[in-house]
Amino acid sequence: MSNLKSRLLRCNIACILACVSVLAHAASPAAASTASATSAAASAAIAEVLSARPIVGDDPVVIRDALAKHSIHGNAPSLRDRIRALIPSRKTPQERDLTKASLDRELVFVVPIPYGVLYRSQTHVLTINVDLSSEDAPGAILLKKTVTGPDGRGLTVAAEAKAKGYIQQVDLIGLKVDATSKTRIRGHLTLPQSVFSKVDGDFAIALICSLSPPYLNDQSEHSDPTDDEPTDITTRTSFLYTDVHAVWLISPQTGMVLSKNLHLSN
C-alpha cells in the first residue's frame, strides 16, 4: 500500500509539473504541443497505477450481520407494499432500517470463477459458462463458506466424536437473485492476447446489486455425529435477497473490467 501511495505521489507531481510547463510555454504552439504530450503521459502513468488496484467488493458477512443486528428481514412484499413503495415519502419500516444501517445503496459482491472460462488465442474470443451456485446452497449464488473445527471422519466413531472435540461450525452465505434461481452466466467477448496475458487466469464476477425484500433469511441447523460423518456439526445458512443491476467480468487483482454486458440465467 505504501508503494502504491508513493507511485501516486510521484504521478501527481508529474501532473503539476506538466501543468506549469503548459502555462509557461502557452505562447508557443510547438511548446504547447510538447506540454500536451507530457500531460498525457503523466495521466497515463496515473491510470496505470490506479488500474493496478485490486477490486474489493462488500463483505457478505458484514452485510449479513448488519441485517441481523437491525432485524431487517421479512416476507416477500405484498401488493400493498409494492404500491406504497411507489410513493417516495412512504418507506416501509424495513426500508427505513436499511437507511439507518447504511445499506440503502448499491452493493458489490465479487465471486471468483476458477473454472468455466475458455480463451481461444486464434480468434481472441473468451467464452464464459459458469454456475455460481454449489451443492451447499442450491438455487443461490454462493458468496462465502467458512468451516471451523476438525472433521472426525476416519479418525473416530460417532459415539466419541463430540468428547474428542470433533465439533464443526459451518457458515454459508448465499445470494438470492430477483426472487429467482438465476445462478449461471454464459457469454463471450473479444479479448486481445495482450490483455489476456495481463489477467493471467485471474477472473471473477462482480455483481452490482441492491437489497430487496425479504432481505435476509438466516437459519441454523444442527446434526449429531453419525457413523458416516462422526462430527458434531452446526450449520448457519444465510441468504441475502437482492435485485441485480449489472454483472461484470473482472480481474480482481489487476483492477481490469473486461466486460459489463453479462447476464444471469437459470
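What percent antiparallel are the DSSP beta bridges of the range 54-265, to the nearest 5?
Of the beta bridges lying entirely in the range 54-265, close to 80 percent run antiparallel.
Do any trypsin sites (Lys or Arg not before Pro) in the range 98-178 lie in a DSSP loop with no more than 16 other beta carbon atoms within 10 Å, and if so, which?
Sparse-neighbourhood loop trypsin sites (Lys or Arg not before Pro): ARG105, ARG153, LYS162, LYS164.
Taking the range 102-160, which chymotrypsin sites (Phe, Trp or Tyr not before Pro) meet the DSSP loop condition and have no more than 14 other C-beta atoms within 10 Å?
Answer by residue number: TYR115.
Using 16 Å as the cut-off for backbone N distance, which residues of the range 231-250 belong to the label zone defined by a point 7 Å from the Cα of GLN169 along Cα→Cβ?
232-238
How high is the FRET efficiency between THR99 and VAL56 when r is their beta carbon distance and R₀ equals 30 Å, given to the nearest 0.05?
Step by step, r from the Cβ atoms, then E = 0.80.
Calculate, for VAL257 and ARG236, the FRET efficiency according to 1/(1 + (r/R0)^6) with r their C-beta to C-beta distance and R0 45 Å; round to the nearest 0.05.
Details: r = 33 Å, r/R0 = 0.74.
Efficiency, from the Cβ-Cβ distance: 0.85.
Ranking ARG184, ARG96 by Cβ neighbours within 10 Å, fewest first, what do you get? List each step's numbers first, then the result.
Working: ARG184 17, ARG96 12.
Fewest to most other Cβ atoms nearby, the residues stand as ARG96, ARG184.
What number do you get for the range 54-265 when its Cα radius of gyration is normalised by 2.2 N^0.38 Å, N = residues?
Normalised by 2.2 N^0.38 Å, the Cα Rg of the range 54-265 equals 1.21.
Please give me, ordered by residue number, the GluC sites (Glu not before Pro) of the range 90-151 that lie in loop per DSSP and have at most 10 other Cβ atoms within 10 Å.
Those that pass, being in a loop and sparsely packed, are GLU135.
With the crude spin-label approximation of a point 7 Å out along Cα→Cβ, what separation in nm comes out for ASP136 versus LEU189?
Inter-label distance under the simple model: 2.8 nm.
Could you pull out every one of the aspartates and glutamates with an alpha carbon less than 14 Å from that of LYS145, ignoring same-chain neighbours closer than 8 positions?
ASP59, GLU135, ASP136, ASP171
Since every read-out is calculated from the coordinates, none of them should be taken as a lab result. Here the structure is a predicted model, which is why all the values come from computation and not from measurement. We place every Cβ from the backbone using ideal geometry, glycine too, and count neighbours over all the protein chains shown.
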